[in-house]
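The values are calculated or read from the model by the stated rules, or taken from the named source; none is laboratory data. Source: prediction; values computed, not measured. Glycine also receives a Cβ, built like all others from the backbone with ideal geometry; neighbour counts cover every protein chain displayed. Accessible surface areas use protein heavy atoms only, side chains included; no ligands, DNA or RNA. Shrake-Rupley method; radii C 1.70, N 1.55, O 1.52, S 1.80 Å.
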Amino acid sequence: MKNILLTTAAFALGVLYTSAQVKPQNNFNPKVNALIAKMTLEEKVGQMTNLTVDAISKTDASGKIIEPHEIDEQKLEERILKYHIGSFQNVAGHAYDRKHWYEIISAMQRVAMQDRLKIPALYAIDAIHGVTYTLGSTLFPQEIAMAATFNPELIYKAGEISAYETRASYIPWNFSPVLDVSKNQAWPRVYETFGEDPYLVKTMGAAIIKGYQGNNVGDKYHVTSTMKHFLGYGDPLSGKDRTPAWIPDRYMREYFLPPFIEAVKAGSRTLMVNSSEINGVPVHASKYLLTDVLRKELKFDGIVISDWMDVSYLHTRHHVAATEKDAVALAVNAGLDMCIVPYDYSFYNYLIQLVHEGRVPMSRIDESVGRILHVKYELGLFDRPVGIPEDYPDFGSDKFKAVNRQAANEALTLLKNNNNTLPLKKNIRVLVTGPAANTMRSLNGGWSYTWQGEQTDKYAGEKNTILEAIQQKIGKQNVAYEPGSTFDSLLNVNMTVEAAKQADAIVLCLGEPSYTEFLGNINDLNLPAAQSELAQLMAKTGKPVILVLAEGRPRIVTLANNVAAATLMAYLPGNEGGDAIADILFGDVNPSGKLPFTYPRYSNALLNYYRKNIENGNGDN
């Protein structure tokens, strides 16, 4: 009898979870409230769970993704039919062609349509400077270079094209734009931002959001944007990724909040949370920021999603939660709607337990699920879960390439031009040298075909490096090439010096290889010594040195710049960047870009242009 009573009680509790009506005191699509009323707790929590595509991919015995990539049908069915997982994201390894993306999304939606309520799955990708993970896409300059154009209309066009090509990859959700105000020049994610000025960041951010989303985010040519990373991510005290910031609330509101205010006004439907902490409080656990500020003050009613593994990190890294289960309670009660777990069912299992224990109220679950379902309806997924391949004839087209070329041309910033060294004549002999001279990695940076961009030379092999663009511009017979150095050590210096002596001008391409996130952390903002030494050696030949900087943040280049006759800041100008640089060097395009950050001359001169006068080091006067 006791067992029967327990079973009956459990059943009654289950009925309570599934039949409680959500009061329509919200702006959700009316269908959302009707759907929530039919859902079990497990189905609701599944919607709040986001997994990486690795979790549904075929792997070998060691867990390594099998190439060529394939979806594991058994894993996919378990994730959706048993656990009701509502969203997936990312890429397993490297970029795919459109055909494979169609196979992935079609398989995912086919299984979702077999689930009890037939709720379509939602897929997201980091298309931060074009469709990062689709072969043949239009890869624009990174955000920092787009910011240098100071052209909101152009960034709007880039957003439209990126949205078109993302939908052409059958993906409706873009984890972009980055709206962080990047105040620390050493931070490895500077290049993903629109710079250090709040007005520029909010203006360009709102423009690209409108480009991504259009007038109807649910049509077949637009996607929902994700404003990230809320809040204060761009000012880590150490300059390293995912490290603490100390920002007074008034200062936070003056400098870091405005881009998100503008993004909410522009209609962004999703938001990603800052992985780190502010003033000792991890943002994923901050009800003040995620509910009081974001929901109540900014009136944001879309989806709040965690960054990668950041809920569990409340326990394992931040140590503000005694267990991972406590971490889930902290984050959801603070205002989180969806968790990038990203591999397992830990969030799912813990959240169900927490609801049963009364530590997370059902009303909190229904809020989050309502927001998620509402966005799915807005995106048109219930009517069109998979796009039609033939609807995207302009994918990777020449007209998109032309906009990309314009963006690269307008981004390039002339920092120095002694005695009108530029433009160069097209009938001279040029030596092209430096570690950034003949690689697409230094033009595209991270988030290019792979997470770290290390295979960009392979996947963008048909595009012109700086060397190839100059050869094309003035003829191979007029161009010599010696690398001179790697990014951190000299290479065949004697040969490089001899080649320089035979040239009329030297195009010296310095900078950084591709990187992102913590793998881009550095302890010294100075350019590696070998690159500065190469500049000195080139200058000693007596030939004019034109310094081209292909870099994701303002590395200190004072020694190289001092001996250069001209200096061109290229940032990370994308797949058309090599041709754009050649256009500028040889006078076919007039440089018009402007620095979106304060370029430091010395190691400790790390102030931003907006600062108190006293920060200049004033004495008694």
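Computed values, structure above
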item	result
Pairs with Cβ under 8 Å, 6+ apart, first in the stretch 351-363 and basic (Lys, Arg) and assigned to a loop (DSSP other than H, G, I, E, B), second open to solvent by less than 40 Å² (accessible area, probe 1.4 Å) and at pLDDT 95 or above	ARG359/ALA329
Subset of the stretch 154-197 [in contact with a Gly (Cβ under 6 Å, 6 or more places away or on another chain) and among the small types (Gly, Ala, Ser)]	GLY159, SER162, SER182, ALA186
Residues within the stretch 142-160 that are of a type in the set (A, V, I, L, M, F, W, C) and open to solvent by 10 Å² or more (accessible area, probe 1.4 Å), tallied	1
The stretch 549-558 - residue that is hydrophobic (A, V, I, L, M, F, W, C) and under 25 Å from the mean Cα position of the chain (by Cα) and, of those, surrounded by the fewest Cβ atoms within 10 Å (Cβ to Cβ)	ILE556
So ARG371, is it at pLDDT 95 or above and either more than 24 Å from the chain's Cα centre (by Cα) or buried (at least 17 other Cβ atoms within 10 Å of the Cβ) (or both)	yes
Residues satisfying the stated conditions in the stretch 158-208, i.e. among the aromatic types (Phe, Trp, Tyr), under 14 Å from the mean Cα position of the chain (by Cα) and assigned to a helix (DSSP H, G or I)	TYR191
Number of the condition not met by GLY542 [criteria: (1) in contact (Cβ under 8 Å) with a residue 12 or more places away in the chain; (2) over 25 Å from the mean Cα position of the chain (by Cα); (3) outside any helix (DSSP H, G or I)]	(1)
Search result, residues across the stretch 78-109 that are farther than 25 Å from THR132 by Cα and free of Cβ contacts under 8 Å to residues at least 40 places away in the same chain	GLU78, ARG79, LEU81, LYS82
The stretch 91-125, subset basic (Lys, Arg) and assigned to a helix (DSSP H, G or I), residue nearest to HIS374 (Cα to Cα)	ARG110
Residue among GLY461, GLY446, GLY453 that alone is at pLDDT 95 or above, assigned to a loop (DSSP other than H, G, I, E, B), small (Gly, Ala, Ser) and open to solvent by 20 Å² or more (accessible area, probe 1.4 Å)	GLY461
Candidate set from the stretch 374-401 (those that are of a type outside the set (Asp, Glu), open to solvent by 60 Å² or more (accessible area, probe 1.4 Å) and assigned to a helix (DSSP H, G or I)); member that is nearest to PHE597 (Cα to Cα)	LYS401
Every residue from the stretch 29-58 that is surrounded by 13 or more Cβ atoms within 10 Å (Cβ to Cβ), of a type in the set (D, E, K, R) and either within 29 Å of GLY358 (Cβ to Cβ) or free of Cβ contacts under 8 Å to residues at least 24 places away in the same chain (or both)	GLU42, GLU43, LYS44, LYS58
Residues located in the stretch 209-220, provided they are part of a loop (DSSP other than H, G, I, E, B) and basic (Lys, Arg)	LYS220
The stretch 219-261, residues that are surrounded by 18 or more Cβ atoms within 10 Å (Cβ to Cβ) and of a type in the set (Asp, Glu)	ASP235, ASP241
So ALA61, is it at pLDDT 85 or above and either open to solvent by less than 60 Å² (accessible area, probe 1.4 Å) or over 17 Å from ILE365 (Cα atoms) (or both)	yes
Residue within the stretch 112-131 that is among the aromatic types (Phe, Trp, Tyr), touching a residue at least 24 places away in the same chain (Cβ under 8 Å), closer than 25 Å to GLY396 by Cα and open to solvent by 10 Å² or more (accessible area, probe 1.4 Å) present	no
Subset of the stretch 415-437 [open to solvent by 60 Å² or more (accessible area, probe 1.4 Å) and either hydrophobic (A, V, I, L, M, F, W, C) or under 31 Å from the mean Cα position of the chain (by Cα) (or both)]	LEU415
Some residue of the stretch 612-620 being within 16 Å of ALA186 (Cα to Cα) and either open to solvent by less than 10 Å² (accessible area, probe 1.4 Å) or not in a loop (DSSP other than H, G, I, E, B) (or both)	no
Number of positions in the stretch 72-107 that are within 25 Å of the chain's Cα centre (by Cα), among the aliphatic types (A, V, I, L, M) and over 21 Å from THR40 (Cβ atoms)	5
Subset of the stretch 464-478 (residues that are within 18 Å of LEU443 (Cβ to Cβ) and open to solvent by 20 Å² or more (accessible area, probe 1.4 Å))	ASN464, GLU468, GLN471, GLN472, LYS473
Flag for ASN29 being at pLDDT below 95 and over 18 Å from PRO361 (Cβ atoms)	yes
Given (1) open to solvent by less than 10 Å² (accessible area, probe 1.4 Å); (2) more than 20 Å from ASN575 (Cβ to Cβ), number of the condition ASN216 does not satisfy	(1)
